[in-house]
Amino acid sequence: MNWRGTTILSIRKGKYVVMAGDGQVTMGDTIVKANVRKVRFSSSKTTLMGFAGATADSVALMERLDSKIDLYPGQLQRACVELAKDWRTDKYLRKLEAVIAAVDRNFSLIVTGNGDVLEPQDGIIGIGSGGNYALAAARALINEEITAEEVARRSMQIASEICIYTNSAIILERIDVEG
């Protein structure tokens, strides 16, 4: 069975970095659940993580990243690189299908099973089936006189109107990058 659908968007603007995720999970052409929480804080409350991909795989990888964040406090890049190395080399992890977005006060990163740890040059991340729609909308809105939260909400709404695997049940979390 094909589990599809997620939109995760992160915006770095002003004194905040925000991450938003839709709540829809689909199986084939059926909506299975409309209120899944795909954006979460790390256990240390210093990092926001969002996932796209198979739900169980994503949760397992986010738990692994959370333990790396605890192991390397204040070093999100290193934690993500260590996760990517494990993901590529571990026989079990190699089979997991997901993409993780991770942000803290200093960095916005995308981690993939191909060993990629990518930092977008503009501080905007869009992943998942509706990620490119949300990313395009966010880039169009980022210079408007609105908050990071408003950019994220508007962009996610636009994505939900285009991508059939994205709904408008948005969960949004933020980190104050100055305090």
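The values are calculated or read from the model by the stated rules, or taken from the named source; none is laboratory data. For clarity, every value in this text was computed on a predicted model and none was experimentally measured. Note: ideal-geometry Cβ built from the backbone for every residue, glycine included; neighbour counts use all protein chains shown.
Listing for the model above:
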quantity: Filtered residues of the stretch 124-147 (kept if under 17 Å from residue 7 (Cα atoms), crowded, with 16+ Cβ neighbours inside 10 Å and touching a strand residue (DSSP E or B) at 6+ places or on another chain (Cβ under 7 Å)); calculated: 124, 125, 126, 127, 128, 129, 130, 131, 134, 135, 138
quantity: All positions within the stretch 45-58 that are under 17 Å from residue 26 (Cβ atoms) and hydrophobic (A, V, I, L, M, F, W, C); calculated: 51, 52, 54, 56
quantity: Wholly within the stretch 65-179, helices (runs of 4 or more DSSP H) carrying at least 2 residues that are β-branched (Val, Ile, Thr) and at pLDDT 95 or above; calculated: 148-162
quantity: Any chance residue 86 is within 16 Å of residue 10 (Cβ to Cβ) and of a type in the set (D, E, K, R); calculated: no
quantity: Some residue of the stretch 49-56 being out of contact with any helix residue (DSSP H, G or I) (no Cβ under 6 Å at 6 or more places or on another chain), buried (at least 18 other Cβ atoms within 10 Å of the Cβ) and not small (Gly, Ala, Ser); calculated: no
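Conditions tested, residue by residue: (1) in contact (Cβ under 8 Å) with a residue 40 or more places away in the chain; (2) within 18 Å of residue 125 (Cβ to Cβ).
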residue	(1), (2)
36	no, no
43	no, no
46	yes, yes
67	no, no
71	no, no
74	no, no
95	no, no
101	yes, yes
107	no, yes
